[in-house]
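Structure first, then comments.
Nothing in this text is a laboratory measurement; each read-out follows from the coordinates by a stated rule. Keep in mind that what you see is a predicted model, and the values were worked out from it rather than measured. Glycine also receives a Cβ, built like all others from the backbone with ideal geometry; neighbour counts cover every protein chain displayed.
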Amino acid sequence: MKTFGMKTVIHFGDNALDRLREIPYKRVLIITDPFVVQSKMIDLITEPLAKGGIEYDIFSNVVPDAPVDKVADGVKKFLSYQPEAVIAVGGGSAIDSSKAIREFALKINHYSDVGLIAVPTTSGTGSEVTSFAVVNDTEAKVKYPLISPSLTADEAILDAELVKSVPPAITADTGMDVFTHALESYVSTDHNEFSAALAEKAMEICGVFLLRAYLDGSDMHARQKMHVASCLAGLSFNTAGLGITHSMAHQLGAQFHIPHGRANAMLLPHIVEFNANINKRSRSQKTYLPSVERYASVAHILGLSNYNQVMSVRSLVNWIQFMQKEMNIPMTIQEIGTISPDEYFGAIDKMADAALADACTTTNPRIPTKEDIMKIYKKLWSF
Ligand SMILES: NC(=O)c1ccc[n+]([C@@H]2O[C@H](COP(=O)([O-])OP(=O)(O)OC[C@H]3O[C@@H](n4cnc5c(N)ncnc54)[C@H](O)[C@@H]3O)[C@@H](O)[C@H]2O)c1
Ligand SMILES: [Fe+2]
């Protein structure tokens with residue numbers, strides 16, 4: 001048996017933030033990152049709350065990648081303020097921190113339910129609709145996804161006004177995260193008709209609008225489309241799971257602070273090649289893995305028509321690398337310029353173990369060995 005459900009009610013389009021006037025809570029804790037407060041973007045959240053007569057407090061001590069010590073600070077704040085709901089405002093880091101803070105606080109105090117409203121300010125993680133929260137154990141240098149239905153937000157508010165200010169490099173990274181979510185869920189071992197429909201639309205939007213949003217951040221049509229694509233891709237992987245691009249990217253984030261979407265983009269062409277497992281001399285190969293057909297369908301969705309499936313998969317790899325180059329995403333770890341070869345190669349063994357153990361590995365279409373993962377990490381240094 002398979003089950004598909006959507007817990008989160010999604011408010012989207014022009015003036016979606018007006019929903020905050022009507023939410024059924026009287027006392028809320030806003031959890032956000034310092035940028036949102038410093039840039040005064042927070043006013044777009046607090047004004048409708050004030051109009052609705054809703055009392056609020058703000059915890060803005062969130063930093064990228066949800067480190068556990070900051071989550072603990074947030075739990076303290078939650079327990080002292082005792083909100084009826086949490087409003088998570090920010091990128092994936094703020095939303096994931098909020099999910100973890102609420103989860104742990106409820107466990108400590110055995111509260112009755114406390115609501116969660118997620119308001120993304122990047123078009124990337126889809127965390128506003130997923131049951132995932134990626135946290136970072138900074139001491140062990142391991143990032144891992146917590147997965148539980150109880151982490152899922154009750155409501156998501158998608159207002160593209162909030163993403164207008166995202167600079168080009170973060171638009172590129174987060175946009176490639178969207179594409180990676182859609183692609184990995186599309187080929188995952190748990191893919192199904194519902195997840196595929198959501199992923200197909202998300203990939204189609206990325207194909208048309210990601211570069212537009214990158215080149216002109218004030219292109220509101222492109223911004224709106226990417227904001228919806230991010231959510232669609234989140235809904236897709238929430239039911240179908242992800243794959244080893246994410247498992248491996250989590251480790252690059254934990255070890256070297258490579259932004260999540262950027263790490264995905266760098267790994268993705270290599271993972272498509274690994275999962276498709278097409279020989280160099282493909283004509284000598286009699287049969288192909290099922291993922292070849294699915295990757296070929298993705299190439300079709302992106303308009304990369306080709307007369308056979310093998311060529312289509314190669315076009316898909318080329319398209320991902322084209323997007324990397326157009327959006328100035330490094331192709332190799334060496335190109336990043338801040339990581340020494342000793343540091344990098346010294347971490348590969350540990351990263352491979354953690355990637356194999358990562359929850360996202362279970363739904364990858366091809367089962368990797370530790371050696372496979374190590375080989376891909378080594379190739380990523382410079383190829
Ligand atoms: N829960 C999930 O389902 C899920 C899925 C994928 C990734 N993740 C996790 O989410 C995190 C990454 O999230 P992210 O990619 O959204 O980045 P992020 O939240 O770390 O934010 C990146 C940077 O963008 C800035 N920023 C955010 N909104 C902005 C805006 N509107 N204008 C200008 N700057 C803005 C932030 O201040 C920060 O410096 C990672 O920890 C990743 O592992 C979670
Ligand atoms: Fe992701």
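Assorted remarks:
- MRE, 222 nm, helices only [DSSP H, n ≥ 4, -39500 (n - 2.57), over the chain, to nearest 500]: -17000 deg cm²/dmol
- Across all C-alpha atoms in segment 7-161, the radius of gyration and Dmax reach 14.1, 45 Å.
- If R0 is taken as 41 Å, the Cβ-Cβ distance between Ser39 and Ser340 corresponds to a FRET efficiency of 0.75.
- Filter on Lys99/Lys350; Lys141/Lys370; Lys201/Lys370; Lys77/Lys350; Lys141/Lys325 - keep pairs with C-alpha separation over 24 Å: Lys99/Lys350; Lys201/Lys370; Lys77/Lys350; Lys141/Lys325
- Using a cutoff of 8 angstrom between alpha carbon atoms and counting only pairs six or more residues apart, the relative contact order for the chain works out to 15 percent.
- Computed over segment 247-339: relative contact order in percent, which uses C-alpha pairs under 8 Å that are six or more apart: 26
- Taking the longest Cα principal axis of the chain as reference, the axis of helix 193-215 is set at about 90 degrees.
- Between the Cα long axis of helix 168-187 and the first principal axis of the chain there is an angle of about 70°, rounded to the nearest 10.
- Inverse of mean 1/r across different Cα pairs in the chain, Kirkwood, Å: 21.0
- Dipole-positive endmost among Ile54, Leu232, Ala276 within the chain (Cβ charges, Cα centre): Ala276
- When the inverse distances between all different Cα atoms of segment 76-189 are averaged and flipped, the Kirkwood radius reads 15.1 angstrom.
- Pairwise inverse Cα distances across segment 166-379, averaged and inverted, put the Kirkwood hydrodynamic radius at 17.3 Å.
- Counted by Cβ distance under 13 Å from Gly207, the other residues give a net charge of 0, where Lys and Arg count +1 and Asp and Glu count -1.
- Springs between Cα atoms under 10 Å define the GNM used for the chain, and in it the highest mean-square fluctuation of Ala357, Ala229, Ala213 occurs at Ala357.
- Extension gain for the segment Gln285 to Glu371, taken as residue separation times 0.36 nm less the Cα-Cα distance, is 28.7 nm to one decimal.
- Full-stretch length increase - His110, Met311 - with 0.36 nm per residue and alpha-carbon distance subtracted: 66.8 nm
- Against the main long axis of the alpha-carbon atoms of the chain, helix 370-381 sits at an angle near 90°.
- At q = 0.11 Å⁻¹, base-10 log of I(q)/I(0) for segment 1-86 (Debye sum, equal scatterers on each alpha carbon): -0.38
- DSSP bridge orientation in the chain - percent antiparallel, rounded to nearest 5: 20
- Summed residue charge, Cβ within 15 Å of Asp137's Cβ, Lys/Arg positive, Asp/Glu negative: -2
- For Ile329, net neighbour charge (Lys/Arg +1, Asp/Glu -1) across residues whose Cβ lies under 14 Å away: -2
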